[in-house]
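> First the structure, then my questions, so here it is.
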Amino acid sequence: MENHQFLFNFISEYTGDILAGVLIAIIPLALLLVYALVAIYGELKIASFIQLKLGPMRTGKWGLLQPVAEVFKLLQKEDITPDGADKPLFNLAPFIIFLGCYAALSVLPLSSHFAPSGLNIGLFFIIAISSLAVLGIVMGGWASNNKYSLIGAMRSVSQIISYEIPAAMCILGVASMAHSLDMNVISAQQQGGFWNWYVLGGPAGISKIWLIPFTVVMFIVYFVTSLAETNRTPFDVPEGESELVAGYHTEYSGMKFAFFYLAEYGNMFVVSAIMTVIFFGGWSSPFGDFLNSPIWQIFWFIAKSMFFVGLQIWLRWTLPRTRVDQLMYLCWKILLPLSMVCFLAMALGGMLY
Amino acid sequence: MENNLENTTNNNKINIEYSQFDSERMRLNAGPQHPSTHGVLRLEVELDGEIVTDIIPHLGYLHRCFEKHCENSNYNQIVPFVDRLDYVSAINNEFPYVMAVEKLAGIEVSEKVQILRAMCAEINRIANHLLAISAFGLDSGAFTPLLFLFREREFALGILEKLSGARLLYNYFCPGGVRYEIYSDFKKDVKVFIDSVRLAMKEMEDLLIFNDIFIKRTEKIGLLPKEVAINFACSGPVARGSGINFDIRKSAPYSSYDKFDFDIPVVEPGKEVVGVSGDCWSRNWVRVKEIEESCKILEQGITLLPDEGSVTDGIPKKLKVPAGEVYCKAENTKGELGFYLVSNGSDKPERVRARATSFVNLAILPSISKGYMFADLIMILGSIDIVLGEVDR
Amino acid sequence: MTIQEIYDLLKIHFNDDIKEITDISNGDSFITVNPANIFDILQFCRDYETLDFDYLTLISGMDSGENLGVVYHLYSMKFKHSIVIKAFVPKESPNIQSVVYLWRAADWHEREAFDLIGVVFDGHPNLIRILCPYDWEGHPLRKDYVTPQEYHGMKVPY
Amino acid sequence: MINYLKNIIKGFSTILVGMKVTFINLFRPNVTVQYPNVHPLVRAGSDKMPDNARNKLNVIIPKCTGCKSCEKACPVNCITIETTKVASIDTEKPLMEDGKKRVFWLSQFDIDFAKCCFCGLCTIACPTSAIVHSTDFEYSCYDRNELLVHFSPFNKEQVAEKKRILAEEVKQKAEKALADKQAAEKAAQEQNITDSKIKSSDDQTSANQNIQNNSN
């Protein structure tokens, strides 16, 4: 799997290392921005269809340009900084959150031949870098000089830090089965059909069947924690609009709010992509070698990730919000024990196969 | 004397213990502009971390001088003002007022009008409860139930619009009858409406009411014991959720309610479906069951409502109200709504005093929400189901 | 119990404080009582075995010309009977005892009566305005009330 | 322990049930109406606006007698009516729609829709159904003054003209009455002239005295 530097080498052959680096860096950014537009549109439309309405219909055919219009609206809005706010922190916060989400994209292997950075400790890097979002949230919430923001930020910190533990357990479980932290390697191991995916016990023949319940539970645990880590319903207590108006981004407007918005959708993609990589075979085709060329791999990767983004959106428009203490109860008393049991089983599986 | 007051306030059991550490308290202004105060209610909340330690409601942001207005208007002109008290159940507001005027003026109302009035009130009650349940879901963070139930509410408003010409503030009842004749397809529409509401409520039970997250958010929250509820003069679903079997439609049947066969859903201690008697879930559950009971009344109303006869004949050309005073009450969607009407024989009333249900029910909020979390406070407020138009009048 | 029976019962216990029944043919008859002893009378109404008025429906203040009236509508959950009790206080000293300690429901009703009519309820723990702004002047539901032209620089009659 | 697992399974299953409900609704037809594109009269639950729908008020001036019943019935005082009597010398002699003679010009008939609460009491009070609710509900505007609708058929000059005619008539009538009175007085004087001839000299002296007093 030395091929992941293929694109870099290919471009630098014609341009030079620095320019190639910039180009390679732009690809995830472009991906993120395009994805955000699609996700926002998808969220609006799915929400509307569930709620028996049509959603945006005015901007373009079927309202397709609605996210673009929203971006332009946010761009020309006045950028307000509250009087009592801590200005440097207040201005910095949205960018730090966005940074966390963007940096995480750099290690996602979109295809066997393309990962922006072929880090061999990719999973570890993602766990580390996604914790950065907490910093941005607490900075934004505290600097806003608003009590709602402060409560929202405090809730968010306790929530995200707690949920990192079961999330890390899930990732560790898969890592112990794959004997690797390199996302590209993990993806490659799951090639050859969906029965090789780690959600179904990994690539180990028929004898792995006893592992399937544990891996499925592990996947559910990771899915729940991923919802919590991205502050999505039913765990959107930091921004629960019925209690805290808008939580930590109450005071933000204009482009800075757009960054919060973008980061939220970006984080949704990142956690979905991790889920895809560690449980659903990453870029590998679900049908063995069928449609498994590097270009198709990009399609499979994005399709799988978008499926989970859609699942998150679907859940959001179904469920009520939990309370803070129930959220903590769920994390420490349900998800953590479950993930530990599953981790033990998966570690055993890792030793056996 | 002072001990007595303390006893009544501390009757409710607080199930979340106060924080052991006496940390710095934060005073938070929830409202007047807040997504979940159901209008312009300002709650001055003292928080210890997330736990509510004190709460002071500030009312009056929507005070429209209803009682003062009434003193300067004649009896017919008050009906539109009465509509605007509890604007989501306007017909139910008109009911006691019109009955009070009829009682004072000695107007007899025909049976057809009585049954039609009861049916209108029940359609309106369903419309109100649909909003209350869905808005309660919205308080808990579920947005979809709101729009699901609004579809059914739209049916209800459509029927009432065809009857009265207006969608929200009807001005439909008047002393002696109702303003407009019944349209031809009324019974058919009501039938379709009942079926659609029943289907929607079944769906809603799956989607929201028996959802585990929703149950966890609402059970054992905002406990209102029976004695406290009576002491605070709570009525309607708030009282029935606490196990008080009190419904004016049964205890003192007015209009044509003695002709209908229906039950009063009460969550008595020991007979709860989920949670305990007097919590938020029970209050909401009473509303859910009441929709079913209202459907029953409507079904009977379809058969009872005579086809012949006019509903506008009984309206007196000139309304003469002799001197006297009366307190007339009816079961509004939120509880007991009464009008204390004092007449001095002229065409304008001397004094109109409204016993606003939401006003009385809201008074329990400070004493039942202490010790719960801030998120629970929102749920408790939602479960009381207030309309600020009625609180502030 | 009918209002006459209640009146007789009250008369036995409070003789002079209970003034008279005003019969109203087309509405609710009411009993007028002496405002000085209102707390004891209402406490008796609440606690006496055959009365058991545990449910305070409404307290309303009213301006009856020379006096201010306070009207108590009581209801009994157990016996399902109701009673209207009125007490008149002079406008110069509109003081009457608060019944918050009997029914907590009286709390906001009394605040409202104080706000709009100007009846002062002695012993009320927090007798401040409730519907009007806290610094509003005058009691709007009095018959002799004149609407102020201005409130904090805003024109009042629009 | 069993309870613990039961709770987890219960929570999980109720969530799945909820998701099933939303998934089914995903494929249901929408119930909303694209308002400006599709006319809202096509609405869920009612296919057209009912006959007694209470929207913007309309005044049919040929029917209006100017009795001001609606003004009195309005609970929010949004109707302002001012009438001018039809002068008999007015060349314009209109008839009401039902053929009766018009008694009042509607020199002012304003409805302030910013205040109107659409209660419909004015339409009930009107004896000739001149004020009715129309089906027009799309009349939002940018300026509050535009909501003050003048229904009077006259502009200011015409009102002034009508007032002038009425004043003229009143004046003419007054003059006529004065002339009649003077004529009557004259006739009376002529009749009495013989009776009062003797007294007149005394009267004149007293009048002279009065004048002197005044000048002093």
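> Take A:Gly122 and tell me if it is out of contact with any strand residue (DSSP E or B) (no Cβ under 8 Å at 6 or more places or on another chain), crowded, with 24+ Cβ neighbours inside 10 Å, at pLDDT below 85 and more than 30 Å from B:Ile51 (Cα to Cα).
It is true that A:Gly122 is out of contact with any strand residue (DSSP E or B) (no Cβ under 8 Å at 6 or more places or on another chain), crowded, with 24+ Cβ neighbours inside 10 Å, at pLDDT below 85 and more than 30 Å from B:Ile51 (Cα to Cα).
> Counting just the residues of the range A:165-188 that are of a type in the set (Gly, Ala, Ser) and part of a helix (DSSP H, G or I), which one comes out farthest from A:Phe223 (Cα to Cα)?
My answer is A:Ala188.
> Do the conditions hold for B:Arg84, that is, is it under 29 Å from B:Tyr183 (Cα atoms), open to solvent by 10 Å² or more (accessible area, probe 1.4 Å) and either within 14 Å of chain A (Cβ to nearest Cβ) or under 16 Å from the mean Cα position of the chain (by Cα) (or both)?
yes
> If the Cβ limit is 6 Å and pairs must be 6+ apart or interchain, which residue in the range A:315-339 that is within 7 Å of chain B (Cβ to nearest Cβ) pairs with which residue that is β-branched (Val, Ile, Thr) and open to solvent by 10 Å² or more (accessible area, probe 1.4 Å)?
That search, which allows pairs on different chains as well, returns A:Leu319/B:Ile213; A:Pro320/B:Ile213; A:Thr322/B:Ile213.
> Could you list, ordered by first residue, the pairs with Cβ atoms under 6 Å in which the first is in the range B:196-208 and at the interface with chain D (Cβ under 10 Å from one of its Cβ atoms) and touching a residue at least 60 places away in the same chain (Cβ under 8 Å) and the second is of a type in the set (Asp, Glu) and open to solvent by less than 10 Å² (accessible area, probe 1.4 Å), at least 6 apart or interchain?
Listed pairs, sorted by first residue: none to list.
> Mind checking which residues of the range A:83-105 are touching a helix residue (DSSP H, G or I) at 6+ places or on another chain (Cβ under 6 Å) and of a type outside the set (A, V, I, L, M, F, W, C)? Working first, answer last.
Kept after step one, since they are touching a helix residue (DSSP H, G or I) at 6+ places or on another chain (Cβ under 6 Å), are these residues of the range A:83-105: A:85-86, A:89-90, A:93-94, A:96-98, A:100-101, A:103-105.
Matches in the range A:83-105: A:Asp86, A:Pro94, A:Gly100.
> Do the conditions hold for A:Ala93, that is, is it open to solvent by less than 30 Å² (accessible area, probe 1.4 Å) and at pLDDT 85 or above?
Considered against the rule, which asks whether it is open to solvent by less than 30 Å² (accessible area, probe 1.4 Å) and at pLDDT 85 or above, A:Ala93 comes out as yes.
> If a residue has to be open to solvent by 10 Å² or more (accessible area, probe 1.4 Å) and either touching a residue at least 12 places away in the same chain (Cβ under 8 Å) or part of a loop (DSSP other than H, G, I, E, B) (or both) to count, how many in the range B:148-158 make the cut?
5
> List the residue pairs whose Cβ atoms are under 6 Å apart, where the first residue sits in the range B:329-356 and is farther than 12 Å from B:Arg249 by Cα and away from chain C (no Cβ under 11 Å), the second is open to solvent by 10 Å² or more (accessible area, probe 1.4 Å) and not in a strand (DSSP E or B), and the two are 6 or more positions apart or on different chains.
Within 6 Å, the pairs are B:Lys334/B:Asp385; B:Gly345/B:Pro322; B:Gly345/B:Ala323; B:Asp347/B:Asn74; B:Lys348/B:Asn74.
> Applying the selection to the range B:268-287, what residues are under 27 Å from B:Glu152 (Cα atoms) and open to solvent by less than 10 Å² (accessible area, probe 1.4 Å)?
Of everything in the range B:268-287, those that are under 27 Å from B:Glu152 (Cα atoms) and open to solvent by less than 10 Å² (accessible area, probe 1.4 Å) turn out to be B:Asp279, B:Cys280, B:Trp281, B:Ser282, B:Arg283, B:Asn284, B:Val286, B:Arg287.
> Return only the number of the condition from (1) within 30 Å of A:Val324 (Cα to Cα); (2) open to solvent by 30 Å² or more (accessible area, probe 1.4 Å); (3) at pLDDT below 85 that A:Ala133 does not satisfy.
For A:Ala133, the exception is condition (2).
> Among the residues of the range B:286-305, are any within 29 Å of D:Ala125 (Cα to Cα), touching an Asp or Glu at 6+ places or on another chain (Cβ under 9 Å) and of a type in the set (Lys, Arg)?
no
> Which of the residues spanning the range D:14-29 are of a type outside the set (Phe, Trp, Tyr) and either surrounded by 13 or more Cβ atoms within 10 Å (Cβ to Cβ) or at the interface with another protein chain (Cβ under 8 Å from one of its Cβ atoms) (or both)?
Hits for the range D:14-29 are D:Thr14, D:Ile15, D:Val17, D:Gly18, D:Met19, D:Lys20, D:Val21, D:Thr22, D:Asn25, D:Leu26, D:Arg28, D:Pro29.
> I'd like the full set of residues that are open to solvent by 10 Å² or more (accessible area, probe 1.4 Å) and either within 14 Å of chain A (Cβ to nearest Cβ) or within 30 Å of A:Trp317 (Cβ to Cβ) (or both), limited to the range B:87-131.
B:Tyr87, B:Val88, B:Leu131
> Okay, moving on. Might you check whether a residue that is in contact with a helix residue (DSSP H, G or I) (Cβ under 9 Å, 6 or more places away or on another chain), away from every other protein chain (no Cβ under 13 Å) and touching a residue at least 24 places away in the same chain (Cβ under 8 Å) occurs anywhere in the range A:239-248?
yes
> If you don't mind, there's one more thing I want to ask. Assuming C:Ala113 fulfils every condition listed in (1) farther than 16 Å from B:Tyr327 by Cβ; (2) in contact (Cβ under 8 Å) with a residue 40 or more places away in the chain; (3) buried (at least 22 other Cβ atoms within 10 Å of the Cβ) apart from one, which condition is it?
Answer for C:Ala113: the failing condition is (1).
> A further question follows. When the residues of the range B:171-195 are narrowed to those that are within 9 Å of another protein chain (Cβ to nearest Cβ) and buried (at least 22 other Cβ atoms within 10 Å of the Cβ), which ends up farthest from D:Val132 (Cα to Cα)?
Among those residues, the one meeting the criterion is B:Cys174.
> Test of understanding: among A:Lys73, A:Lys45, which residue is on the phi < 0 side of the Ramachandran plot, assigned to a helix (DSSP H, G or I), of a type outside the set (Gly, Ala, Ser) and crowded, with 18+ Cβ neighbours inside 10 Å? Full working, then the answer.
Numbers: A:Lys73 fails: crowded, with 18+ Cβ neighbours inside 10 Å.
Unique residue meeting the criteria: A:Lys45.
> Only residues that are in a helix (DSSP H, G or I), more than 10 Å from every other protein chain (Cβ to nearest Cβ) and in contact with a helix residue (DSSP H, G or I) (Cβ under 6 Å, 6 or more places away or on another chain): list them for the range B:369-393, please.
Once the filter is applied, which keeps residues that are in a helix (DSSP H, G or I), more than 10 Å from every other protein chain (Cβ to nearest Cβ) and in contact with a helix residue (DSSP H, G or I) (Cβ under 6 Å, 6 or more places away or on another chain), the range B:369-393 yields B:Ser369, B:Ile380, B:Ser383, B:Ile384, B:Glu390.
> Taking the residues in the range B:252-267 that are open to solvent by 30 Å² or more (accessible area, probe 1.4 Å) and not in a loop (DSSP other than H, G, I, E, B) as candidates, determine which candidate is farthest from the other protein chains (Cβ to nearest Cβ).
Filtering the range B:252-267 for residues that are open to solvent by 30 Å² or more (accessible area, probe 1.4 Å) and not in a loop (DSSP other than H, G, I, E, B), the one farthest from the other protein chains (Cβ to nearest Cβ) comes out as B:Lys259.
> When you go through (1) of a type outside the set (Val, Ile, Thr); (2) touching a residue at least 24 places away in the same chain (Cβ under 8 Å); (3) closer than 23 Å to B:Phe359 by Cβ; (4) buried (at least 16 other Cβ atoms within 10 Å of the Cβ) one by one for C:Phe88, which number turns out not to apply?
With (1) of a type outside the set (Val, Ile, Thr); (2) touching a residue at least 24 places away in the same chain (Cβ under 8 Å); (3) closer than 23 Å to B:Phe359 by Cβ; (4) buried (at least 16 other Cβ atoms within 10 Å of the Cβ) applied to C:Phe88, the lone miss is (3).
> Test each condition in (1) part of a loop (DSSP other than H, G, I, E, B); (2) under 30 Å from D:Ser13 (Cα atoms); (3) free of Cβ contacts under 8 Å to residues at least 60 places away in the same chain for B:Asn245 and report the one that comes out false.
(2)
> Yes or no: B:Val40 modelled with pLDDT of 85 or more, more than 9 Å from every other protein chain (Cβ to nearest Cβ) and open to solvent by 10 Å² or more (accessible area, probe 1.4 Å)?
Values: modelled with pLDDT of 85 or more: yes; more than 9 Å from every other protein chain (Cβ to nearest Cβ): yes; open to solvent by 10 Å² or more (accessible area, probe 1.4 Å): yes.
Yes: the conditions hold for B:Val40.
> Follow-up question, since we're still on this one. Got at least one residue in the range C:95-106 being more than 10 Å from chain B (Cβ to nearest Cβ) and assigned to a loop (DSSP other than H, G, I, E, B)?
There is at least one residue in the range C:95-106 that is more than 10 Å from chain B (Cβ to nearest Cβ) and assigned to a loop (DSSP other than H, G, I, E, B).
> Please count how many residues of the range C:1-35 are touching a strand residue (DSSP E or B) at 6+ places or on another chain (Cβ under 8 Å) and more than 14 Å from chain B (Cβ to nearest Cβ).
Taking the range C:1-35 first, the residues touching a strand residue (DSSP E or B) at 6+ places or on another chain (Cβ under 8 Å) are C:3-4, C:6-7, C:10-11, C:14, C:17-22, C:24-35.
Subset that is more than 14 Å from chain B (Cβ to nearest Cβ): C:4, C:6-7, C:10-11, C:14, C:17-20, C:33-35.
The number of residues fulfilling the criteria is 13.
The values are calculated or read from the model by the stated rules, or taken from the named source; none is laboratory data. Model, not experiment: these values are computed from the prediction. Cβ: placed from backbone, ideal geometry, glycine included. Neighbour counts: every protein chain shown. All accessible areas refer to the heavy atoms of the entire protein, side chains included, with ligands and DNA or RNA removed. Shrake-Rupley method; radii C 1.70, N 1.55, O 1.52, S 1.80 Å.
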